[in-house]
Amino acid sequence: GFFGAFRRFELVSLSWEQIHFVSGGVIIKLSRSKMGQTEQGADLVIPFGNALRCSVRALLDWCKASQ
């Protein structure tokens, strides 16, 4: 949530179908966002970070652990 600057309603409405891992990180497709004035959906790209604090790697690890 922190690295994507998500709001609470955006985080709780996420599903695995909205998360797409790509070679450079992850793309998260929000169906609704308050980023713009129209409150339309948005695609957020989160790149891989350093090895110690990488939110993409943490999400991958959590995905594997939770199956």
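Counting only residues that are touching a helix residue (DSSP H, G or I) at 6+ places or on another chain (Cβ under 8 Å), open to solvent by 50 Å² or more (accessible area, probe 1.4 Å) and modelled with pLDDT of 85 or more, segment 18-40 holds 2 of them.
Restricting segment 41-67 to residues that are in a strand (DSSP E or B) and open to solvent by 90 Å² or more (accessible area, probe 1.4 Å) leaves a set whose member that is modelled with the highest pLDDT is 45.
The values are calculated or read from the model by the stated rules, or taken from the named source; none is laboratory data. Predicted model, so just to flag it, every value in this text is computed and none were measured. FYI the Cβ positions are ideal-geometry reconstructions off the backbone, even for glycines, and counts take in every protein chain you see. Please note that ligands, DNA and RNA were not included when accessible areas were found on the heavy atoms of the full protein model with its side chains. Shrake-Rupley method; radii C 1.70, N 1.55, O 1.52, S 1.80 Å.
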